[in-house]
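Data block below; observations after.
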Amino acid sequence: MRKEGAEKGREKSRQAASYGLLIALAMVFGYIESLLPLPVPVPGMKIGLANLVTIVCLEFAGVRGAVWVTLLRVILTGLSFGNPYSMMYGLSGSFLSLAVMAAAKHYRLFSRTGISILGGVFHNVGQLVFAAWILRSAAVFSYLPALLIAGAAAGAVIGAVGGMLAGRLQGFFRFN
């Protein structure tokens, strides 16, 4: 009986360490990305390096784990490097993206790369909807065509790299 309790405790510790590692990695990727200015005409356009972690997290920890990692990543990154508005933009894009990716994964509609493309596109849509609401103006949707193309391209790259990482990290992370 004691041995079972000790093993259960070790498993919980491994799981907590895995979540902590994923959150820290996502924060580091987000910070690195903030240091890399992209020469693009649309403000706020990014590659989405932190979404590598989301793709890996969806694979190994499932939707619930990905939600927690995403929530904590956005909040901690916002507190560390941003402001309340950056957190709200991050949450609006991240959670719409995550909801769409989770649905596509659940219904097996797309490959991992296709799911990532959806994530990139809907992240931008979520942020535009939030911006339109904050600014009380639909003018921000003029950026939509460029952001759809950028989201699809970045999503394809992140999905392909995320797939390679997931394959190499098989068995590294411990989740129930």
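Observations on the model:
- The residues packed around Ala104, meaning those with a beta-carbon under 15 Å from its beta-carbon, carry a net charge of +2 if Lys and Arg are +1 and Asp and Glu are -1.
- Computed E for Ile149/Arg64 - FRET, C-beta separation, R0 30 angstrom, nearest 0.05: 0.40
- Cα long-axis angle, helix 2-35 against the chain (0 to 90 degrees, to the nearest 10): 20 degrees
- Computed Kirkwood radius, in angstrom, where 1/r is averaged over Cα pairs of the chain: 16.8 Å
- Trp133 - accessible surface, heavy atoms, 1.4 Å probe, Å² rounded to 10: 150 Å²
- Working note: 222 nm ellipticity from helices only, DSSP H runs with n ≥ 4, each -39,500 (n - 2.57), summed and divided by the residues of the chain, gives -27000 deg cm²/dmol to the nearest 500.
- Using 0.36 nm per residue and subtracting the Cα-Cα separation, the extra length available between Val129 and Phe141 on full extension is 3.5 nm.
- Backbone N under 16 Å from the Leu21 label point (7 Å along Cα→Cβ), restricted to the stretch 157-176: 165-176
- Note that the stretch 146-152 has calculated 3J(HN,Hα) couplings of 5, 6, 5, 5, 5, x, 5 Hz, one per residue in order, obtained from phi through the Karplus relation 6.51 cos²θ - 1.76 cosθ + 1.60 (θ = phi - 60°); glycine and proline are x.
- The string of couplings for the stretch 97-113 from the Karplus curve (6.51, -1.76, 1.60, θ = phi - 60°) is 4, 5, 5, 5, 5, 5, 5, 5, 5, 4, 8, 6, 7, 9, 6, 4, 5 Hz, one whole number per residue in order, with x for Gly and Pro.
- Taken over the stretch 1-153, lysine pairs spaced eight or more positions apart, or on distinct chains, with alpha carbons under 30 Å apart number 4.
- If R0 equals 22 Å, the separation of the Cβ atoms of Lys12 and Arg168 corresponds to a calculated FRET efficiency of about 0.30.
The values are calculated or read from the model by the stated rules, or taken from the named source; none is laboratory data. Computed from a prediction, not measured in an experiment: that's the story for all the values here. We place every Cβ from the backbone using ideal geometry, glycine too, and count neighbours over all the protein chains shown. Side chains included, ligands, DNA and RNA excluded: accessible areas come from the protein's heavy atoms. Shrake-Rupley method; radii C 1.70, N 1.55, O 1.52, S 1.80 Å.
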